Structure formats: structure tokens, C-alpha cells
Amino acid sequence: MKDEGFGLYVHWPFCLSKCPYCDFNSHVAAAVDHGRWRRALLTELAHYAADSGGRRLTSVFFGGGTPSLMEPETVAAVLEAAGRHWSLAPDLEVTLEANPGAVDRAKFEGFAQAGVNRVSLGVQALDDAALGFLGRRHDRAEALAALATAQALFPRTSIDLIYARPGQAPEDWRQELRRALDILAGHGHLSLYQLTVEQGTKFYLDWHRGDWRLPEEDDAVALWQVTREETARAGLPAYEVSNHARPGQECRHNLVYWRGGDYVGVGPGAHGRLTLAGTPHATRQHRAPEMWLARVERDGHASTDREPLDPDQRAEELLLMGLRLTEGIDKARFARLAGRPLAACTDPAALAALEEEGLIIDTPAALRATEAGMLVLNGVIAALVPA
């Protein structure tokens, strides 16, 4: 059984512009007081470390927003403080998200010196017209230059791409994906997301007006199948619904989430999971950047929620997250984290029916979705959880 790990998530909420598809907690600011934000992040970090000290930290993830807009001094200060609050795994994974339109080599060198050893680039497309549609600030040439810089400075790199765009044919996506896989060469991680329309975004308004249409269901399935075929052919098979990696290059931080591990979340809107006195708790920070900053400076943290999860909530969360993984749910881990066996948390009749339909595989060690099951995963999970 693989250790689920213990992680730290740091949210940087600022971007140079808001992408039309994005529903993340990101904001455009005319100016940022980096010293003030650095002090606040360290203050909130210390608040949560007081409840989780003595643990071994296996991963740190700077997400956003656009964390590559942070000063390297802030990253260095957070990592130095993390080393004081917890023991650090010798192979600590430190990921920083970056946008190709906000890549500066000198700054990247500073991030590397601070301790970042993995960069995730939000490339999103390798076609200039598609990048324009997605509202990105960079073009294909800038994306390739940013990737080359990242690959030269960091031992591990990943790129994000968005597919199932309006009018995108499976063969067009196959060629674009092959180019991305060729560019990655020896580097080993891809996050590939189907375009979705989220309420509250500009795309939601455009789509609702009928300005464009997403691919029909059969076309979306064909695009998904192309994704699985091409990544497997290139040696980066899916290890999660939307994530693909060479063996050993999986994102360890995200595996903490999917395997049900604990993690501290600091920064505006950051979520966390902490086991306190044997009970798992969900934490959440205030979303609004200025309100978060003011509350941290006043109270030492900006927590809006610190709620214990009841056994049913915890079991459902472990089921929902674990079935996203190709490896599925390790039953021994599930029993340890949920406090009861997996069989006690699933509908036996639904389990038998899903297995007969070829949507899941149930073994003494694990429960996992098949390729066909991954296509209808929400339905599989809904059927498994007793009403």
C-alpha cells in the first residue's frame, strides 16, 4: 500500500487577466504588496502548523491564480518556514504553477534556487487560434519558449492542455496531442482537461447566448478515446481521469488528495484536510484576497470553516476521490482512513451490477473503475453510495 502522504497547498490569487473559462479563485490586481502578502502567508502557515507539527511533509504546491507572479523570496520564505514546522521528506516535491505569458528566466532561476523542483505550465493549446478563443495572453511560440526554459531549469515539468473545444475534430486533437508529447520528450506529465462551461464565467454567458457549442457527446467520447490512446502510446498512460504520466512521474501532491491524505491549505480560498484528535476536519480560508489579508493580520488566520467530517461524509469523499485513480481505491487504506471497510460503505447490489456491466473491477485488495467506467464515473459513484 502506497503512503498517501502529507501536503501543503499555498494559494496565490493574482493573475494578469481573467481567462473566460476560469472559475478558480483568481483576481486581477493593479498592484500587490509582496512583503505584506509574504508575511501573511507565513502567519497563516504557522497557525496551521501548530495543529500538525511533527508530521513529515511530502509535497508543496503553489497554485492559483498565477503563482509565477510571486517573488522568489516569497517561495523561499514559505519553504524555509515549512522546514521549521515539519520534517521534510528527502524527495520533497515542490510544484509551482506558471503561465507561459508570465515566464521570466531570471525569475525561474530564483524559483529553482528557492527549492521549486517541478513546474506546471498552463499551455492550454498549441494552436494560436485556439489560444485566442481561450483568452490566453501567450501564443504558441511563447508557450514553446516557456516550456524550453522550464525544462532547462527544473528536473520535472508538466503542461496543461484543454481539448473538446468547439469544432475540434478527433484527428485535429490527435495531431496537437502528438506535438505536445514530442515536445515533452523525456519529461513526464500531462494534464488534459475537457473544456467545461462553468457558471459565473464569461464562457457561460457566451455559451448560453449560443455564440458557440461544445462537441456533441459522441464526439467528446471520441476525443477522450484519442487522449487515452495517444498518451498510452507515448508511455504516459492515464493514472487519473485527466492526468497522464510516465511511471514515477505522477504528481505526488495531487495523489495526496486522491488517496485521501491530509494537507494544509493556506491563502485566499484554500481548502485543507486535517486529522485532529483522530477526526478528519475540512478547513477553508476566506476567498476574497483583501478580506483574507486583513483577517490574517488581525487573527493570525482567515479560516471560515473548520468542520469535522462525519463518517458518511469521509467515506463518500474517499470513494469519490479514489475512483478517479487508475489504481482505484486501496481497501486497506480506505478502512484505515474511514474507520470501516469499503464493503460497509457501498451498495452491494449496485456493486454487483456495475461489475457485471464491466464498469468496475472488485478484487480483495482494491476497487477500481474500468476504462468504460471512467467514461461514466459520476454515475458509477452515485450508484455505489447508498441513498
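The values are calculated or read from the model by the stated rules, or taken from the named source; none is laboratory data. Computed from a predicted model, the values in this text were never measured in an experiment. Here Cβ is always computed from backbone atoms with ideal geometry, including for glycine, and neighbour counts include all displayed protein chains. Surface areas here come from the heavy atoms of the whole protein model, side chains and all, with no ligands, DNA or RNA. Shrake-Rupley method; radii C 1.70, N 1.55, O 1.52, S 1.80 Å.
Quick check on the stretch 161-174. Is at least one of its residues more than 24 Å from V376 (Cβ to Cβ) and assigned to a helix (DSSP H, G or I)?
Residues of the stretch 161-174 more than 24 Å from V376 (Cβ to Cβ): 167, 171-172.
Restricting the remaining residues to those that are assigned to a helix (DSSP H, G or I) gives 171-172.
The answer is yes; a qualifying residue exists.
So, in the stretch 316-350, how many residues would count as being basic (K, R) and in a helix (DSSP H, G or I)? Walk me through how you get there before you give the answer.
Quick first cut of the stretch 316-350, residues basic (K, R) only: 324, 331, 333, 336, 340.
If we keep only those that are in a helix (DSSP H, G or I) as well, we get 331, 333, 336.
Within the stretch 316-350, residues that are basic (K, R) and in a helix (DSSP H, G or I) number 3.
Table: residues versus (1) closer than 17 Å to R284 by Cα; (2) open to solvent by less than 20 Å² (accessible area, probe 1.4 Å); (3) in a strand (DSSP E or B).
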position: S17; (1), (2), (3): no, no, no
position: F24; (1), (2), (3): yes, no, no
position: R36; (1), (2), (3): no, no, no
position: Y48; (1), (2), (3): yes, yes, no
position: D51; (1), (2), (3): yes, no, no
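For the stretch 69-80, state whether one or more residues are assigned to a strand (DSSP E or B) and open to solvent by 10 Å² or more (accessible area, probe 1.4 Å). Give the derivation first.
If we filter the stretch 69-80 for residues that are assigned to a strand (DSSP E or B), which is where we start, we get none.
Checked the stretch 69-80: no residue is assigned to a strand (DSSP E or B) and open to solvent by 10 Å² or more (accessible area, probe 1.4 Å).
Based on what the data block shows, is L236 of a type in the set (A, V, I, L, M), in contact with a His (Cβ under 6 Å, 6 or more places away or on another chain) and within 26 Å of T196 (Cα to Cα)?
Values: of a type in the set (A, V, I, L, M): yes; in contact with a His (Cβ under 6 Å, 6 or more places away or on another chain): yes; within 26 Å of T196 (Cα to Cα): yes.
So L236 passes the test.
Taking into account only those residues within the stretch 332-345 that are charged (D, E, K, R) and open to solvent by 50 Å² or more (accessible area, probe 1.4 Å), which is nearest to the chain's Cα centre (by Cα)?
Filtering the stretch 332-345 down to residues charged (D, E, K, R) leaves 333, 336, 340.
From what's left, open to solvent by 50 Å² or more (accessible area, probe 1.4 Å): 336, 340.
On the way: R336: 24, R340: 28 Å.
Only one residue fits best here, namely R336.
Which one is surrounded by the fewest Cβ atoms within 10 Å (Cβ to Cβ), of the residues in the stretch 278-319 that are hydrophobic (A, V, I, L, M, F, W, C) and in contact with a Leu (Cβ under 9 Å, 6 or more places away or on another chain)?
So in the stretch 278-319, the residues hydrophobic (A, V, I, L, M, F, W, C) come out as 282, 288, 291-294, 296, 302, 309, 315, 318-319.
Restricting the remaining residues to those that are in contact with a Leu (Cβ under 9 Å, 6 or more places away or on another chain) gives 282, 296, 302, 315, 318-319.
Values: A282: 17, V296: 26, A302: 27, A315: 22, L318: 22, L319: 21.
Checked the stretch 278-319; the qualifying residue surrounded by the fewest Cβ atoms within 10 Å (Cβ to Cβ) is A282.
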When residues of the stretch 199-245 are limited to those that are in a loop (DSSP other than H, G, I, E, B) and β-branched (V, I, T), the one modelled with the lowest pLDDT: T201
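With respect to A50, determine if the residue is free of Cβ contacts under 8 Å to residues at least 40 places away in the same chain and either in contact with a Cys (Cβ under 8 Å, 6 or more places away or on another chain) or not aromatic (F, W, Y) (or both).
Numbers: free of Cβ contacts under 8 Å to residues at least 40 places away in the same chain: yes; either in contact with a Cys (Cβ under 8 Å, 6 or more places away or on another chain) or not aromatic (F, W, Y) (or both): yes.
Spelling it out, A50 is indeed free of Cβ contacts under 8 Å to residues at least 40 places away in the same chain and either in contact with a Cys (Cβ under 8 Å, 6 or more places away or on another chain) or not aromatic (F, W, Y) (or both).
Take L42 and tell me if it is open to solvent by 40 Å² or more (accessible area, probe 1.4 Å), touching a residue at least 24 places away in the same chain (Cβ under 8 Å) and under 24 Å from Q124 (Cα atoms).
On the way: open to solvent by 40 Å² or more (accessible area, probe 1.4 Å): yes; touching a residue at least 24 places away in the same chain (Cβ under 8 Å): yes; under 24 Å from Q124 (Cα atoms): no.
Judged against the criteria, L42 is not a match.
So, S59, is that one polar (S, T, N, Q), within 30 Å of Q168 (Cα to Cα), in a strand (DSSP E or B) and in contact with an Asp or Glu (Cβ under 7 Å, 6 or more places away or on another chain) or not? Spell out the reasoning first.
Numbers: polar (S, T, N, Q): yes; within 30 Å of Q168 (Cα to Cα): no; in a strand (DSSP E or B): yes; in contact with an Asp or Glu (Cβ under 7 Å, 6 or more places away or on another chain): yes.
Taking the combined requirement at face value, the residue does not satisfy it.
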Pairs with Cβ under 9 Å, 6+ apart, first in the stretch 8-28 and at pLDDT below 85, second part of a strand (DSSP E or B) and among the small types (G, A, S): F24/G63; F24/G64; N25/G64
R140, sole failed condition from (1) in contact (Cβ under 8 Å) with a residue 24 or more places away in the chain; (2) in contact with a helix residue (DSSP H, G or I) (Cβ under 8 Å, 6 or more places away or on another chain); (3) surrounded by 15 or more Cβ atoms within 10 Å (Cβ to Cβ): (1)
Residue in the stretch 187-202 that is touching a residue at least 40 places away in the same chain (Cβ under 8 Å) and of a type in the set (D, E) present: yes
